[in-house]
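A short write-up of the structure that comes next.
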Amino acid sequence: MNKQNNSSKIIFWGSPEFAVPSLNILNKLNLVSLVITQPDRPAGRGKKMLASPVKEYALQNNLAILTPDKLDESFISVLEKYLPAAFVVVAYGKIIPQNILDLSALKAINIHPSLLPVLRGPSPIQSAILAGFESTGLSLMQLDKKMDHGPILSQIKLKIDPNEDYIALSERLADLGADLLHKNILDYLNNKISPLAQDDRQATFCKMIKKEDGQIDWQKSAQEIHNQVRAFRLWPGAYTKLDNLDVRILKTEVVDQKFKVGQISFDKNTLLVGTGEGSIKILELQPAAKKIIKADEFIRGYQKYLDKTFQ
């Protein structure tokens, strides 16, 4: 096999649903020689072992798969059987050591869901929503030794809907990322794209999200709490207490009404809560260990809590 054919084969690194559209595009172009994804993990109450969405796709499409626990020398010895190939990384879920990235036939490339150098780090989608950004985007970039620091190959901007949550925005960005790859991958493999260095002076960073980040502070403004609910819709959820009841808030709107902080106002169908500035209309919520319900269902089923305040 000549060098051109070797370098036009791709080893795809990815794990969650976000990565599947990109893998699908590359597979349709007949470029994928190997898929590397996270090992099966226990999930749900029964702790049943579940494959990553990327592994599920690879199985359905008869693609070669590796699911290493560790990216060590024994893994490298297996990986070398699939080389030479270029690496494409989309939300793999673990930092890939530089000695492995160096095995890529061309510099490894990555899709990062922000307009780099803005929001470098592990939570760019959630952080954009949490900060109330009106837009975000995607960057197709080369990986280097620093986090989300490598040169940019292509970018695309995307408007964020004011009520769009993490799940919906992530799905749109995933599809857009696949389009970005589709438009650029062949040119990249044929060295027809000139990478552009990021301006480090413009860099901002986002952090790893923790469970406690989901706790609602009702002293904050309605807009801040609404953004928190949207950003943490999947995990950790925006959560609070109503007397002795733990509650996750799943869908909200901002309302220009004034009540005391944490105070509930309701009628037959509408559930409002006062904040430090304005109020939140709660549309969907989930009492502890119960199913997700609409506001009117909560009003009917949890009457004894409606004279309490959110804490």
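The values are calculated or read from the model by the stated rules, or taken from the named source; none is laboratory data. These numbers come from a predicted model, not from an experiment. For neighbour counting, all protein chains shown are included, and Cβ atoms are generated from backbone atoms with ideal geometry for every residue, glycine included.
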Do we have D246 as at pLDDT below 95 and more than 24 Å from L169 (Cβ to Cβ) here?
no
What's the number of the only condition in (1) of a type in the set (A, V, I, L, M, F, W, C); (2) assigned by TED's automatic domain parsing to the domain that holds Y92; (3) buried (at least 19 other Cβ atoms within 10 Å of the Cβ); (4) not in a strand (DSSP E or B) that M141 fails to meet?
(4)
Which count do you get for residues in the range 189-215 that are assigned to a helix (DSSP H, G or I), in contact with a helix residue (DSSP H, G or I) (Cβ under 9 Å, 6 or more places away or on another chain) and not charged (D, E, K, R)?
2
Among the residues listed as I299, I280, I293, I209, the single one being within 24 Å of the chain's Cα centre (by Cα) and at pLDDT 95 or above
I209
Which residue pairs have Cβ atoms closer than 6 Å, lie 6 or more positions apart in sequence or on different chains, and pair a first residue in the range 285-311 that is surrounded by fewer than 12 Cβ atoms within 10 Å (Cβ to Cβ) with a second residue that is among the acidic types (D, E) and outside any loop (DSSP other than H, G, I, E, B)?
A288/D246
Name the pairs whose Cβ atoms lie under 7 Å apart, with the first residue in the range 192-211 and farther than 17 Å from L119 by Cα, the second aliphatic (A, V, I, L, M), and 6 or more positions between them or separate chains?
I193/L153; P195/I152; P195/L153; L196/I152
Scan the range 92-127 residue by residue and report those that are of a type outside the set (V, I, T), outside any loop (DSSP other than H, G, I, E, B) and touching a residue at least 40 places away in the same chain (Cβ under 8 Å).
Q98, L101, N110, R120, P124, Q126, S127
